[in-house]
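Here the structure is laid out as structure tokens; the discussion comes afterwards.
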Amino acid sequence: MTTATEPQPHYHALNKTPFTTRTAQSNARHLLPYIQPNHRILDIGCGPGSITADLAELVPQGEVVGIDINPDFVEAGIALAKERGLQNLFFRVGDVTTDLANIEPSTFDIVHAHQVLLHLPDPLSTMQQMRRIAKPGGLISSVDSAFKLIIPSNPGILSSEATYEKLSKGNPTFGQTSHITAHAAGFS
Ligand SMILES: C[S@@+](CC[C@H](N)C(=O)[O-])C[C@H]1O[C@@H](n2cnc3c(N)ncnc32)[C@H](O)[C@@H]1O
């Protein structure tokens, strides 16, 4: 039993390690041909920022902002920006389900989410916000797993699925239907 004073177990804290090894080349390769050196990019649910930092290197005349609800990840991102000497990379603690609404419309050339929307109880409203804050002609990218549909499975995937089931508030198969949500958010 947990009490109000004990920190709640959190899916993302339990799965911290794999996030730090992700790269733009391996996890956002589809976006790379579209990135221009002066682009402004928002990375929502950026985790500890390894993909975010790679994106910042691709926009030397632009900037990248990473937002995450977990302050430990934001701290790790700030340390990574310092370590890699990236002065165009910024991190903020924030809840994307509420805080995107505070961003001016048409602010970013690219709004990126990697394995985030599948954790949200209402991904449609976040996708609508992602669309609103992207510039006309800008890009929105969301990559999401479809747990239970990964075949063949392996012990690592089964363990991730079990942890997800226990702790996440989203839809574990969101990756299978995200295109339908995108249509509902106004994308054609
Ligand atoms: C599976 S991790 C992906 C992290 C990173 N995008 C990556 O691929 O390495 C999901 C991330 O979303 C963040 N997250 C979950 N719900 C959030 C919310 N409501 N607002 C902001 N970040 C959130 C978690 O803290 C976590 O860092």
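So here's what we get for this one:
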item	result
Residues (in a loop (DSSP other than H, G, I, E, B), without any contact (Cβ under 8 Å) to a residue 40 or more places away in the chain and away from the ligand (no atom under 11 Å from the Cβ)) located in the stretch 44-81	Leu58, Val59, Pro60, Gln61
Residues satisfying the stated conditions in the stretch 167-188, i.e. in contact with a helix residue (DSSP H, G or I) (Cβ under 6 Å, 6 or more places away or on another chain), under 20 Å from Asn27 (Cβ atoms) and part of a loop (DSSP other than H, G, I, E, B)	Ser168, Gly170, Pro172
Residue among Ser141, Ser125 that alone is closer than 22 Å to Ser188 by Cβ, touching a His at 6+ places or on another chain (Cβ under 7 Å) and not acidic (Asp, Glu)	Ser141
Lone qualifier among Pro37, Pro33 - being in a helix (DSSP H, G or I) and more than 15 Å from the chain's Cα centre (by Cα)	Pro33
Check on Lys148, at positive phi, among the basic types (Lys, Arg) and touching a residue at least 12 places away in the same chain (Cβ under 8 Å)	yes
Members of the stretch 134-151 found to be surrounded by 22 or more Cβ atoms within 10 Å (Cβ to Cβ) and more than 10 Å from the ligand (Cβ to nearest atom), listed by number	Ser142, Phe147
Test: residue in the stretch 7-23 that is surrounded by 19 or more Cβ atoms within 10 Å (Cβ to Cβ) and either farther than 25 Å from Ala101 by Cβ or modelled with pLDDT of 95 or more (or both)	yes
The lone exception for Tyr164 - which of (1) closer than 21 Å to Leu100 by Cα; (2) in contact (Cβ under 8 Å) with a residue 24 or more places away in the chain; (3) not in a loop (DSSP other than H, G, I, E, B) it fails	(1)
Criterion (touching a helix residue (DSSP H, G or I) at 6+ places or on another chain (Cβ under 6 Å), at pLDDT 90 or above and away from the ligand (no atom under 12 Å from the Cβ)) met by exactly one of Ile41, Ile35	Ile41
Per-region count, the stretch 91-124, residues loosely packed, with under 15 Cβ neighbours inside 10 Å and among the small types (Gly, Ala, Ser)	2
Members of the stretch 90-133 found to be in a helix (DSSP H, G or I), of a type in the set (S, T, N, Q), farther than 27 Å from Tyr164 by Cα and away from the ligand (no atom under 14 Å from the Cβ), listed by number	none
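The values are calculated or read from the model by the stated rules, or taken from the named source; none is laboratory data. Just so you know, these numbers come straight off a predicted model, no measurement behind them. When we count neighbours, we look across all protein chains shown, and the Cβ atoms used for this are built from the backbone with ideal geometry, even at glycine.
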